[in-house]
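Shown next, in structure tokens, is the structure this report addresses.
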Amino acid sequence: MMSLIWVTKAEYISEYKISLTFNTGEEIIVNLEQYLDKGIFLELKNKDYFKSFKLNSWTIEWENGADFSPEFLYSLKSDKELIL
């Protein structure tokens with residue numbers, strides 16, 4: 001059984017990069033630029049809007065309702081292109 005994972009800290013770095021800390025204690029930097037091409041995420045291409053994310057009780061979210069699941073964000077840690 002996989003244990004639940006959630007984001008405990010999120011900090012804007014630059015461009016479309018965010019430093020995330022998970023409840024496991026692991027910290028990664030993700031670049032979300034390539035995931036902003038559809039639907040509700042298009043608004044996040046505006047960098048000022050992108051920076052305005054908030055941390056809710058499990059992940060990062062924006063005023064327009066856009067969010068990324070903590071499992072998806074955590075899965076990016078194994079992608080060498082996204083970890084800086």
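Computed from the coordinates by the stated procedures, all read-outs in this text should not be read as laboratory data. Everything numeric here is computed off the predicted structure, so don't read it as measured data. Cβ coordinates were reconstructed from backbone atoms using ideal geometry, including for glycine residues, and neighbour counts include every protein chain displayed.
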- Message: Taking the Cα centre as origin and putting +1 on Lys and Arg beta-carbons and -1 on Asp and Glu beta-carbons, what dipole magnitude results for the chain, to the nearest 20 debye?
- Response: 80
- Task: For the chain, list log₁₀ I(q)/I(0) at each q in 0.10, 0.17, 0.24 Å⁻¹, using the Debye formula over Cα point scatterers of equal strength and ignoring solvent, two decimals each.
- Result: -0.22, -0.64, -1.29
- Computed from the beta carbon distance with a Förster radius of 41 Å, FRET efficiency for LYS38 and LEU4 to the nearest 0.05 stands at 0.95
- Task: Run down the aspartates and glutamates and flag those whose C-alpha is under 13 Å from the C-alpha of LYS47, throwing out any fewer than 8 positions away in its chain.
- Result: GLU15, GLU33
